[in-house]
Every structure is written in C-alpha cells, then in structure tokens.
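The values are calculated or read from the model by the stated rules, or taken from the named source; none is laboratory data. As the structure is a computational prediction, the values presented were derived from the model and not from experiment. Note that each Cβ is placed from the backbone with ideal geometry, even for glycine, and that neighbours are counted across all protein chains shown.
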Amino acid sequence: MTSSRPASELASQLPESLALLGQGLFERIVESTVDLVTVVDQSGCFLYVNGAAERAYGISPKQCIGRSAMDFVLAEDRERTELALADGLQDPNGAMFSFENRQVGGSDGVRTYQWTITRHDAEAGAVFMSIARDVTEARESDLALQTNEARLRAVLSGMLDAVITIDPYGTVQDVSNSVEELFGYEPQELIGQNISIVMPEPYRSDHEGYLAKYRTTGETWILNTTREFPVVRKNGSLFDCELSVSRIDLPGGGDPVFCGAFRDVTQRKATELALQESERRFRAIFDQEFQFVGLLDPKGRILEVNKAALEATGTDRDDVVGRLFWDTPWWRHAPETQEALRQWIARAAEGEFVRSEIDFKNQTGELRTLDFSLKAVRGESNQITLIIPEGRDITGLKAAQRRETQMLKALATLGESAAILAHEIKNPITSVNVALRAVAKELGTDDREVLESLVERMQKLERKLRGTLSFAKPLDLNIERTNARQLLEAAADMLRDEAEARQIAISIEASASPPEMDIDVVRLEEVFTNLVRNAIDAIDASGRIELRAGRSDGHVEFTIDDSGSGIPDRMLGTLFQPFTTAKDEGTGLGLALCRKVIEAHGGTIGAGESPLGGARFTVHIPEVHRRPASTTEACNP
C-alpha cells in the first residue's frame, strides 16, 4: 500500500450515501461503538476513522485521515496483513473477509485486533469499510489456556502412574499416556468413556450409585485417601492397583473434576510376600540355632537376637533390640566385661575378627562361660554393614577340661611317685621272687602252687607300676620319615607268629606309593603293635585282622578291623581313659598311652564297630608332623 495522502483529496472519494450517513445516523452509530471503524481507499489510506482511533492509535481521528493503515500495524505482522488484504481484495464478488493483526501506537501498547472488511464501489472509486474489534484479552486468555493445556499434557505424558480425571458422572475427561502401559487402552479410547470400564464386578455395578450419592449428599470416603483396588485391563485380566483420588474445583465455578492416580502394586506385593517368606525362613533358622547369635550395626546397637540368647537370661526381645550390646542384661554383672565388649566391637567394626572366652549370668544367676566371637559382614560397597556376635556355652567343656587337667596333674604326680616306688620295690620284689621260688622247691606240690601264685601276683604288680610310670612320663619324640605301609608291616611282623598259632590271618592294604610321614617310628610302631595285639586278644579262635592305610584331607588314615567280639557299648565313651579295660589281666593304660602318643603327633584316634563284626580303630596322623607346644597340651582330649 502507498503512503499517506492529503485529507481534502481523500474526502472527495467518500460515496454520497456514506456522506449522508455521516451527517446523521452513521455518525451516531459508529461514534458510539467501542470497536474501531475505518474507511480506506484502494491505496490503504484512511478516509474516515471513528473516535475509537484515539485509544487504538494514540492520536485523534482527524490526525489519522490521509495516513496509511499500514503505519499502525506491528512490523512483524505487516507482511501477513498485506497477504490477507491481497487475498480478500481479489475476490470478484467483493465478499466480506476477516483477519487478525497487532496494532501499535495506542497508550496500551501493542493490541490485537480482529478485522472485518467490506468493499463498497462508488463513482469516485472503490473504498473499504472495516470494523476492528480489540481481542487482546481474549487472545491472551486463549494463549494462557493453550499454555496450560500444553503443561497439562506434558505433565500427563510424563507421569509414570496412570492418571485419569472424571466428571461427577464418571465420564473420563483426561488421561495420562501411561494408561496404555497399565490398562492396555490408548488414551483416546478412554476419553468420553465411563470410568467403570476399568472396574471389575461388583465394583462396576456399584460405582454409579456411589457417584449419585456423592452428587446428592457430597459425602464420600474415598477422597484424599489411598487404598488398594482391583482393576481390569482391556484384555480382561485383573491386577491390584493403589488408587488415590482427589477433587479439583475449577476456576469460575461449575462442576468439579476428580483425579485418580493408579499405581500397579503387583510387583510390590510379590516383593512383600517374598520378603515375608524370607523373614520367616530367617527367623526359623535364626531362632532354631542352638548357639547364641545376634546382629549388630557397626556402632554396636542390637538389630536382632535369637531365641536361645534371650532364653538364657529370661530377656524379652523388645528389652534389648535397639540398645548397645554391652549395655544389656547379659553383661551387667561385670563392668570390666562391658568395657571389653565395647572395645571388641570397635575392633570388629574395623574388620577384625575377635574371639575370646567371656562369662555371663543366666536367668537363675549362675555364671556361665561362652566361647564368644565377633565377625564383621561387608555390603556391596565393601563397607562393614553388620557385626555378628556369636556365643557357644562351653561351661561343661571347661569343667571337663579342669577335671582332666586335675587328673593329668595327679597322674604326673603319680608317675613321679611311681618312678620312686618302682625303684624302691624293684629289687625287693625280685629278691622275694627268688626266695619264694627257692622255698617252693623244698615244699610239696600244693604249697608250691600257692607260692607260684604269689610270685605271679608280685610280677603283675610290678608290670602295673612300670605301665603307670610309662604313661605319666613326658614324651620326647624322635622324628623320622617313614611311610604308612612300613609302619603297619612292622606291627604285623611282630605278632604274625602269635596270630598264625591261633589261626588268625593278618592282611595289609595300602597304595603302591604309600603316603609318608614325619613321626617317632618306634613309638608309633608300639601303638600299632598294641592295637593289633588287642585285636588278636579279641578273637577266640580263627578269624582275621585287616590293616589299611590311605590319604584323607592332608592326613594319613589307618584302620584296624577285626572279626572279634567287638567293644561293649558301655565302654565306648571311656575307652581311651586311663585304667579302663575289659581284660582280666589288663592294666587299663594301653589305649590311653596309644591316644597320648597319637595326639602328641597332632593326630586323633577313635573306635567303633567293624564291618568284620568286631572292633574298628581309626587313626589319623598328619602327613607333616606338627609338634605340640607342650607335652601337657598334647595330652588334652
């Protein structure tokens, strides 16, 4: 469009009919409206503007005459405005057309107007009458609404939980995109449907009644609460959801909407059930443990404790859980024990394994002894997350050890006395034996038998004294290397003639490359000779003895089986204790001495029933000899 022209030139182009209106009715109509009314020529210059021009353009209507209408169009909108005008003016029928643009110049700054333009043909040429309505507030509201809608869609599309809004009649208004994953419906499939479509029976049939009651009374229990609720997918399958419903009152009044958030709790419930089952199994194992067991955090606070530990002191779980371990009923009798525990837990929290003996008082006030330990447990990040205190009541074992120590001390004293006694009575017994035999030659047969019996009793007494001396005497091992077969063959060769005389077969079974050991060969040969002799003595007439040797977990395992009478059940528990024997002529020290020698080598010996019907003795000796710290320690069971 062209630039502005003089008002006098433009006025001559006003049609006669318009001029007549301008003198009367036209003036009253257009000057009273708040809409902007203009008349422009074909070049786009104002021929007329009403009083609304001052508000729109910031100048008087008179000042507008002759100026181009494009002078007041926002620069960014001019090209779009020109295109709209060009399209409208090309209509050969001269139909009314409309468009919007933004105008500048008024006191309110940039305003948006909606234009309606009509062409009028006159003798002086065509003119264009337009009516412009200020739609700034409407467009701002539209923009705000669009922005809010966009925000709402963004929120709904980004929500993990399925969100559905309904009106008071249950009709779905909006849904989040996540409904498709949860329910199987595309969002558009649900909008306009009744919310009962996702409800199984009997909830579906009852739902309309709940809504009707709420519309009438305004009473409901479901608002602002969370509950688990069964829902149905598009394919008909059911699953449990956690449902939260809230009421939203819209601006401007009108019916509220109700927003429901659905969360699938199937996995959570499965996890809870698995956790409950895991907890049940944990409690079953934890509480059935015979030993005292607990769980502490790294600071020493009790998280859990088993039934055995609670029953030991008559303590309730609630009285100790959450408390510091050293400040519990188990240890209150001894402040020094509490302080030791505090220090041990600090060491365990640094990753150290702590073990010691500790005393506690049970529910009857009796002092008991525990084999106590603290062990740290590390989590995935290698940080210590738990400390496990564990205690085994060893009060009975300690008492047995004390009794055995006392017995060993007594035996040691007896051994010392026996050595002196054997020395003192050896020569007198020998002299008495010689004298008795000399006297017996001068006596009759009956008197001689009495004296011979007396001589045998004196010799038996001498053998017992010598055996006691041998058992009590400390061992000094002379270590040599030998193999298992040689050890068994030496014992068998020593007694083979005696066995054959009684029709007893002795067999040896060992590998082609028998294991070797560092041992006191002489003393262990005596041990196996003693065991083979016992086997021979246990067989009345004709039978067999089987000797075997092989490797077993770093040890050499020996077995001696016989087909004899076996070991009486009453003797199995005391078989290796001193002065225990089933033989009429036995001293009761042979097997005790065997165990002493074997344990001095770091080994073990046991007895039981043999597949041959008699007794089986099993001996384990380390392949590499480990000398004990002291002879007394080696003798402990």
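Computed values, structure above
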item: Members of the range 555-580 that are charged (D, E, K, R) and within 25 Å of Q486 (Cα to Cα); result: E557, D561, D562
item: Cross-chain or 6+ apart pairs with Cβ under 9 Å, the range 352-371 first and in contact (Cβ under 8 Å) with a residue 40 or more places away in the chain, then part of a loop (DSSP other than H, G, I, E, B) and surrounded by fewer than 12 Cβ atoms within 10 Å (Cβ to Cβ); result: N362/G314; Q363/G314
item: Filter result for G573 (in contact (Cβ under 8 Å) with a residue 24 or more places away in the chain and of a type in the set (G, A, S)); result: no
item: Count of residues meeting criterion [touching an Asp or Glu at 6+ places or on another chain (Cβ under 9 Å) and basic (K, R)] in the range 38-73; result: 1
item: Restricting the range 622-637 to residues that are surrounded by 18 or more Cβ atoms within 10 Å (Cβ to Cβ) and closer than 26 Å to N483 by Cβ, the residue that is modelled with the highest pLDDT; result: H625
item: Count of residues meeting criterion [part of a loop (DSSP other than H, G, I, E, B) and free of Cβ contacts under 8 Å to residues at least 60 places away in the same chain] in the range 40-84; result: 9
item: Among (1) closer than 15 Å to D174 by Cβ; (2) part of a loop (DSSP other than H, G, I, E, B) - the single one S246 does not satisfy; result: (2)
item: Qualifying residues in the range 313-354 (those that are touching a Pro at 6+ places or on another chain (Cβ under 9 Å) and modelled with pLDDT under 90) - the one farthest from T369 (Cα to Cα); result: D319
item: Yes/no for R204 being farther than 30 Å from S141 by Cα, in contact with a helix residue (DSSP H, G or I) (Cβ under 6 Å, 6 or more places away or on another chain), without any contact (Cβ under 8 Å) to a residue 60 or more places away in the chain and not aliphatic (A, V, I, L, M); result: yes
item: Evaluation of S60 against (1) surrounded by 13 or more Cβ atoms within 10 Å (Cβ to Cβ); (2) on the phi < 0 side of the Ramachandran plot; (3) touching a helix residue (DSSP H, G or I) at 6+ places or on another chain (Cβ under 8 Å) (one fails), failing number; result: (1)
item: Scan of the range 556-572 for residues that are assigned to a loop (DSSP other than H, G, I, E, B) and either modelled with pLDDT of 90 or more or farther than 14 Å from I605 by Cβ (or both), ordered by number; result: S563, G564, S565, G566, P568
item: Scope the range 195-235; condition charged (D, E, K, R) and either touching a Gly at 6+ places or on another chain (Cβ under 6 Å) or assigned to a loop (DSSP other than H, G, I, E, B) (or both); matching residues; result: E201, E219, R233, K234
item: Some residue of the range 536-555 being at pLDDT below 90, assigned to a strand (DSSP E or B) and buried (at least 18 other Cβ atoms within 10 Å of the Cβ); result: yes
item: Some residue of the range 598-621 being in the same structural domain as D520 (by TED's automatic domain parsing), among the aromatic types (F, W, Y) and at pLDDT below 80; result: no
item: Residue that is over 15 Å from G294 (Cα atoms), of a type in the set (D, E), surrounded by 14 or more Cβ atoms within 10 Å (Cβ to Cβ) and more than 27 Å from the chain's Cα centre (by Cα), where the choices are D327, D359; result: D359
item: Selection from the range 486-535 of residues that are surrounded by fewer than 20 Cβ atoms within 10 Å (Cβ to Cβ), among the β-branched types (V, I, T) and within 17 Å of I598 (Cβ to Cβ); result: V521, V522, T529
item: Odd one out for D87, checked against (1) in a helix (DSSP H, G or I); (2) farther than 16 Å from Q42 by Cβ; (3) not aliphatic (A, V, I, L, M); result: (2)
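The rows are residues; the columns are (1) polar (S, T, N, Q); (2) closer than 22 Å to F46 by Cα; (3) at pLDDT below 85; (4) crowded, with 16+ Cβ neighbours inside 10 Å.
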{"residue": "V110", "(1), (2), (3), (4)": "no, yes, no, no"}
{"residue": "Y113", "(1), (2), (3), (4)": "no, yes, no, yes"}
{"residue": "T116", "(1), (2), (3), (4)": "yes, yes, no, no"}
{"residue": "H120", "(1), (2), (3), (4)": "no, yes, yes, no"}
